[in-house]
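First comes the structure, then the notes that go with it.
The values are calculated or read from the model by the stated rules, or taken from the named source; none is laboratory data. This structure is a prediction, so every number in the text was calculated from the model and none was measured. FYI the Cβ positions are ideal-geometry reconstructions off the backbone, even for glycines, and counts take in every protein chain you see.
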Amino acid sequence: MTAPDLLKPALYRAEGSDTDPDHPALLGGACECGHVFFPPQTYGCERCGRMSLATRALSGAGKLLASARVHLHGGKTRAAPFTIVSVRLDDGPIVRTLLAGDDAVHPGDRMVTMLVPVTNAEGAELLDLRFVPQR
Amino acid sequence: MSKSLKELRPVYVVGIGLHRYQFLSDTTYVDLGLTAVRAALADANIEWPTVESAYVGRALLPMACGRPILRHLGATGIPIAHIENASASGSTAFRQACIEVASGTSDVSLALGVDKPMAIARAEGLTGIGNLADDAIAPFTHFALLADQYATQYGVRHEDIALVAVKNHRNGAKNPFAQHQKERTLDEILGGKKISGTFTSLQCTPVGEGAAAVIVASEDGIKRLGIAASRAVRVAASAGRSQKVNIDATRYDAVLTKETAEIAFRESGISPRALDIVELHDAFTVEEIEYVEAMGICGEGEAISRLKDGEFDIGGRCAVSPSGGLISMGHPIGPTGLGQIAEIARQLRGEAGPRQHAGARTGLAHMVGVGAVCYVHILQK
């Protein structure tokens, strides 16, 4: 049985990165000037304006900066409550997305990525990226 | 060589007018806008045909809302330009009106902010650049995360951050133009509807509608039209900046606030600790804490203790958000930055009634907006 497809394959992959082979990598970008960023884009570097941007797989591990349990959500695609985490990746960029599960987390905690099953608008089961505390 | 506003000819706030900020109603945007402009004209004691240009700040109303309002004052044919700059739309309209008068292009210019709540798309979401879960991160969650980060960094309690709302609701209760006009206890605020993180509804700005108008004039205009110079308030600095690449990519509003305020302090020659009044973008409690520190009104990590000591109260060292701020007065978007200018002018004239900060001589208005952008103005009497 094959694994379901990814919900956002342009942003992450099941395989890890060179810097962290054990957790799904985020797909960011890097410029010649040294600026490393997420999400990926090819319009031009936000720091220097160069257009020579390369895709870079970023570590799926980092440190929790903050979390917020969201009690009110207007969109129909998700049901509150859920928890949003702000994580500084070991490779530099800060990313924000959902926490998988209900474990209590605290700023400073080590966090890693994982893929969790979600259902898209058409009812298909896909995998989406979340963070969890590192065991 | 480029010049700052201060190096051009002097600009003065001569007229202020508001339509109360309120929850969405049947009031048309035309009524909202006309109420504010007519009040500003009456305040300046000038007639509409003396106004030579108009800048209309709005972020939610559709294209070209200015003339459908202003034509009912008598269509004088003046240039009308619309300014959209997210939450800073009104502040930016004010800056453009000031620049127009300072440059000598007009002697008298109007900045009007008007908006009504309506669903709009943000351009940020249409770039084609993907995102992990931006749909799940509303502004209140962005700031709830920053509140958690601040509380951890400085070891403060979330109940202490909520004290900002106690102060601002107390101020707003004395402001007839405020959307919320009710004092609230800390228990009431903490016990309210949970929104995100530790934020409850009374720690977040309400969604609403309203209008604010400010008329600015040159010294020539003031003399020619017989405007009372004793009530005119000098615009001592105008600064605007947008986000650069920051090391802490999530605290861009505070970083931008520091950078923009520093430009305004340098231009005006007024130091942050000399300010009597500050009106800032307190859409969420933690913002007031972060921005008073970023501006240098107090040191980093000191805002909570200063707040508890009453330094930011009306009658304290520096009255922060005497209008009630965005938390209590409201944030109808387009008008908000101009409502701040109106409040500061009222305070510096000594006309703020029960919420007067005694002896106020200098005031700073600050807005940040999605983008991110930041605008700071300093007024002086």
Any chance you could count how many residues in the range B:38-67 are on the phi > 0 side of the Ramachandran plot and either surrounded by 20 or more Cβ atoms within 10 Å (Cβ to Cβ) or without any contact (Cβ under 8 Å) to a residue 60 or more places away in the chain (or both)?
-> 1
With respect to the numbered conditions (1) within 14 Å of another protein chain (Cβ to nearest Cβ); (2) crowded, with 17+ Cβ neighbours inside 10 Å; (3) of a type in the set (Val, Ile, Thr), which one is the sole condition not fulfilled by residue B:207?
-> (2)
Just give me the residues in the range A:93-115 being of a type in the set (Val, Ile, Thr), within 12 Å of chain B (Cβ to nearest Cβ) and either touching a residue at least 60 places away in the same chain (Cβ under 8 Å) or surrounded by fewer than 18 Cβ atoms within 10 Å (Cβ to Cβ) (or both), in sequence order.
-> A:95, A:113
Could you check, for the range B:28-46, whether at least one of its residues is assigned to a loop (DSSP other than H, G, I, E, B) and touching a strand residue (DSSP E or B) at 6+ places or on another chain (Cβ under 6 Å)?
-> no
Going by the structure shown, is residue B:25 at pLDDT below 95 and more than 28 Å from residue B:349 (Cβ to Cβ)?
-> no
Filter the helices (runs of 4 or more DSSP H) completely within the range B:67-184 down to those with at least 3 residues that are within 14 Å of another protein chain (Cβ to nearest Cβ) and at pLDDT 95 or above.
-> B:139-154
Among residues of the range B:301-324 being touching a residue at least 24 places away in the same chain (Cβ under 8 Å) and within 23 Å of residue B:149 (Cα to Cα), the residue nearest to the chain's Cα centre (by Cα) is B:320
Residue in the range B:170-188 that is among the hydroxyl-bearing types (Ser, Thr, Tyr) and touching a Ser or Thr at 6+ places or on another chain (Cβ under 9 Å) present | no
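Look through B:371, B:316 and report the one residue that is surrounded by fewer than 24 Cβ atoms within 10 Å (Cβ to Cβ) and at positive phi.
Testing whether each residue is surrounded by fewer than 24 Cβ atoms within 10 Å (Cβ to Cβ) and at positive phi leaves just B:371.
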Residue in the range B:250-269 that is buried (at least 22 other Cβ atoms within 10 Å of the Cβ) and either assigned to a strand (DSSP E or B) or more than 24 Å from the chain's Cα centre (by Cα) (or both) present = no
Please list, ordered by first then second residue, the pairs with beta carbon atoms under 6 Å, 6 or more apart or interchain, first in the range B:242-267 and over 19 Å from residue B:85 (Cα atoms), second in a loop (DSSP other than H, G, I, E, B).
-> B:245/A:46; B:245/A:47; B:267/B:4
Does residue B:218 satisfy the criteria of being of a type in the set (Ser, Thr, Tyr) and under 29 Å from residue B:52 (Cα atoms)?
-> yes
